[in-house]
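Peer 1: Before anything else, here's the structure in question.
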Amino acid sequence: MSNPDADTSRGPRILLYSDDVDTREQVRLAVGRRLGRGEPDIEWVEVATGAAVVAAADAGGLDVLVLDGEADKVGGMGLARQLKDEVYRCPPVLVLTGRPQDAWLASWSNADAVVSRPLDPVLLHTAVADLVRSGADAR
């Protein structure tokens, strides 16, 4: 019997949450199509509501969650804290903050990593790649 978690031919499934379509596009462009040369393409799961984040995290099969801490109505920091408390084996979480001074808030959220705006493509790509690898190592 094969183990679906052992499938190395599929790329990482990354949930990307923001109520702003432009923010989602900036993140996708900054991270890129894949995490490294010769690696499989990333499968982006884009959502625009807090309820969709919770449903996707509950469903499982995600490698990393990227949450917009500046999203209206339901911010990514509150969602990160909720998911870390409520989801069994919650994937690693990256929170995007509005400014570097907000990093302390992201630590309250139990986020595994924080990247602040303006988004630096190298920092964002590195943070996502590190989280994907750390999540794979934890399995």
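Peer 1: Only Cα pairs under 8 Å and at least 6 apart count here; give the relative contact order of the chain as a rounded whole percent.
Peer 2: Working: 236 pairs, mean separation 33.7, N = 139.
Once normalised by length, the contact order is 24 percent.
Peer 1: So, one more: Enter the angle in degrees (range 0 to 90, nearest 10) between the Cα long axis of helix 50-59 and the first principal axis of the Cα atoms of the chain, meaning the one along which they spread out most.
Peer 2: With rounding to tens, the tilt is 20 degrees.
Peer 1: What angle do you read, to the nearest 10 degrees and between 0 and 90, between the alpha-carbon axis of helix 121-138 and the longest principal axis of the chain?
Peer 2: So the inclination is approximately 50 degrees.
Peer 1: Relative contact order, percent, of the stretch 10-62 when contacts are C-alpha pairs under 8 Å separated by at least 6 residues? Could you put the intermediate results ahead of the total?
Peer 2: Working: 60 pairs, mean separation 27.5, N = 53.
Worked out over the stretch 10-62, it gives 52 percent.
Peer 1: Given a 10 angstrom Cα cut-off, can you work out which residue in L123, L65, L16 is the most mobile in a GNM of the chain?
Peer 2: L123
Peer 1: Net charge near G32, counting Lys/Arg +1 and Asp/Glu -1 over other residues with Cβ under 11 Å of its Cβ?
Peer 2: Numbers: positive: R28, R33, R34, R37; negative: E39, D41.
Residues near G32 contribute +2 overall.
No value in this document is a laboratory result; all are computed from the given coordinates. Just so it is clear, the model here is predicted, and its values are computed rather than measured. All Cβ positions, even for glycine, are placed from backbone atoms using ideal geometry, and neighbour counts span all protein chains on display.
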